[in-house]
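Notes for the one structure printed next.
The values are calculated or read from the model by the stated rules, or taken from the named source; none is laboratory data. All values reported here derive from a predicted model rather than from experimental measurement. Here the Cβ positions follow ideal geometry from the backbone for every residue, glycine too, while neighbour counts run over all protein chains shown.
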Amino acid sequence: MLMDWRTTAAIFPGQGSQAVGMGADFAASYEAARDVFAQADDILGYNLSAICWSGPAEVLDQTNYTQPALYVSSMAIWTVLQQQLPGAKPAWTAGHSLGELTALTAAGALSFEAGVKLVQARGQTMRQAGERYPGAMAALLALELDKVEELCQSVSNETGKIVVLANDNCPGQAVVSGEVEAVERLIELAAEAGARRAVKLAVSIAAHSPLMAAALEGFRHVINATTFSPPEVQIISNVNASPLTSPAEIRQELDQQLTQSVRWTDSMRALIDAGAQSFIEVGAGAVLTGLLRRIDRSKRRVNLNTVAAFERFLDSQA
């Protein structure tokens, strides 16, 4: 089925989608992908390619490596897509958390080199914030969003500790973030409230919570030193689920994003309301198309996460 790019959105994954080996098959098959990885290695000053392709997982899963790895892997696939299918011009882009920086690059608002540096700074400052203010995150399944927010407020009042809604991923799937004691208490109460699952995630930082305010001290300086352009295609914000149209709005978004919730359900609904009928997830894993299935299963979903999947897609567009 030919893709109508006028009604297509490109979406880019964030942390949690990484896996050892990501991007290796594209680098082996396409010179353009190898060049993207090589350029990133030069910019970063270390061998990110080896971490992506060979791990070990305990290194790849460190946030200061995970974030550049996901950005570069997605950009390698995006670059190959643009080379092999020059007509692949989606009408919208969006990215989940870290993926929003990839979406900005794909939308023409941020150069690759500047994006690598910005993502590196984001990962480093978030790791440093996590070391200063250790936190936790937990995934909750089958609870209404209003109930999750009510539990966050209740636990914060009870414990005097911070816990907030971090991600509204899709109906029935939310992530909370905050201080360890508060997150652990919320897990207990969520189970009592009927959550099908309430599980602590394997992270030591409280992303998208006020605990990340410490990361802004260093990250804001990098944001302000980065050159942004008006997006060439519409990009939908994580924070407000609305279009980012100017460099000033992009800077404000990236400044707020570390401490505010990712409104992914609202972002996807905004794209659907704008006319998006097809969604291409560009990068490791298939998390975002899985979430989209829960939001609106009628929309076409394509994953470009392996060479085999990519070449099947190319064949379908011939």
Margin query: I'd like to know if the stretch 16-25 contains one or more residues that are in a helix (DSSP H, G or I), out of contact with any Asp or Glu (no Cβ under 6 Å at 6 or more places or on another chain) and either in the same structural domain as Val119 (by TED's automatic domain parsing) or β-branched (Val, Ile, Thr) (or both).
Written below: yes
Next item on the list: Check off (1) in contact (Cβ under 8 Å) with a residue 40 or more places away in the chain; (2) more than 30 Å from Gly178 (Cα to Cα) for Lys299 and give me the number that stays unchecked.
Entry: (1)
Next item on the list: Could you please find all residues in the stretch 184-200 being assigned to a strand (DSSP E or B) and either of a type in the set (Ser, Thr, Tyr) or closer than 20 Å to Met212 by Cβ (or both)?
Entry: Lys200
Next item on the list: Please identify the pairs in which a residue from the stretch 199-227 that is on the phi > 0 side of the Ramachandran plot and buried (at least 23 other Cβ atoms within 10 Å of the Cβ) has its Cβ atom under 9 Å from the Cβ atom of a residue that is in a loop (DSSP other than H, G, I, E, B) and not small (Gly, Ala, Ser), counting only partners at least 6 apart or on another chain.
Entry: His208/Asn238; His208/Leu258; His208/Thr259; His208/Gln260
Note to self: Residue pairs, Cβ under 7 Å, 6 or more apart or interchain, first in the stretch 74-87 and surrounded by fewer than 15 Cβ atoms within 10 Å (Cβ to Cβ), second among the hydrophobic types (A, V, I, L, M, F, W, C). List them.
What the structure shows: Gln82/Ala88; Gln83/Ala32; Gly87/Trp5
Check: Is it the case that some residue within the stretch 96-110 is at pLDDT 95 or above and over 23 Å from Gln252 (Cβ atoms)?
Finding: no
Check: Among the residues of the stretch 134-151 satisfying the criterion of being hydrophobic (A, V, I, L, M, F, W, C) and under 16 Å from Val262 (Cα atoms), which is surrounded by the most Cβ atoms within 10 Å (Cβ to Cβ)?
Finding: Leu140
Next item on the list: Restrict the check to the stretch 245-260 and report whether at least one residue is among the basic types (Lys, Arg), under 22 Å from Arg294 (Cα atoms) and assigned to a helix (DSSP H, G or I).
Entry: no
Check: Which of the residues belonging to the stretch 201-241 are outside any helix (DSSP H, G or I), closer than 16 Å to Asn167 by Cα and at pLDDT 95 or above?
Finding: Ala206, Ala207, His208, Ser209, Ile236, Ser237, Asn238, Val239, Asn240, Ala241
Check: Across the stretch 26-57, what is the total count of residues that are aromatic (Phe, Trp, Tyr), in contact with a helix residue (DSSP H, G or I) (Cβ under 8 Å, 6 or more places away or on another chain) and in a loop (DSSP other than H, G, I, E, B)?
Finding: 1
Margin query: Name the residue that is surrounded by the most Cβ atoms within 10 Å (Cβ to Cβ), counting only residues in the stretch 278-318 that are among the polar types (S, T, N, Q) and outside any helix (DSSP H, G or I).
Written below: Asn305
